[in-house]
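Below is one structure, written out as structure tokens; comments come after it.
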């Protein structure tokens, strides 16, 4: 019998976001411009910020630019805690838009300051998270699509299925050969191969080992 791996929700809407945003903008007199320098702020609790909507992850450039951290932009990271706030700007004075509740959830870093990261989640919501709340070493991915995917024993569409993995399940990336259409992952207690296109958290052609 093929076992099924089921998903869990990973975020919740923060309360009174619109009112908080209005109060912040009224007090500051202006919103953060897209091309303006980003103010620095160290977070005491490492919370985040979000401006909603955005496009899904696209292939990373072969020679991506480096941010202040010395790491490439864009890049994928994962959440390091089960309770992390996404904020509308890079500092704790900015209101919270989303509260993330799943450690390991992949996020795409699209912009950064010394202490804060502007990130995009799997549904396209964008905002700011303190760097201390993110992991660069633990590579995770979210299973996407409209139908379940079979976790295969080998990276071959005709291989034996180990388990059925539902969309929304969080998996650990174990291996993604650059020229392979499949990635080896760990889902719950099962290990096997899933199509790369079924995973949000790894770029097309990216090598993960």
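Condition first: crowded, with 18+ Cβ neighbours inside 10 Å and under 12 Å from residue 134 (Cβ atoms). Now tell me which residues in the range 60-79 satisfy that. Give the steps one after another, and end with the answer.
Residues of the range 60-79 crowded, with 18+ Cβ neighbours inside 10 Å: 60, 67, 73-79.
Residues satisfying the conditions are 75, 76, 77, 78, 79.
Mind checking which strands (runs of 3 or more DSSP E) fall wholly inside the range 85-163 and carry at least 2 residues that are within 15 Å of the chain's Cα centre (by Cα) and crowded, with 22+ Cβ neighbours inside 10 Å?
Per the criteria, 96-100, 106-112, 116-120, 126-130, 140-143.
Taken over the range 44-84, residues that are within 14 Å of residue 111 (Cα to Cα) and either modelled with pLDDT of 85 or more or assigned to a loop (DSSP other than H, G, I, E, B) (or both) amount to 17.
The values are calculated or read from the model by the stated rules, or taken from the named source; none is laboratory data. All values reported here derive from a predicted model rather than from experimental measurement. Cβ sites come from the backbone with ideal geometry, for glycine too, and all protein chains shown count toward neighbours.
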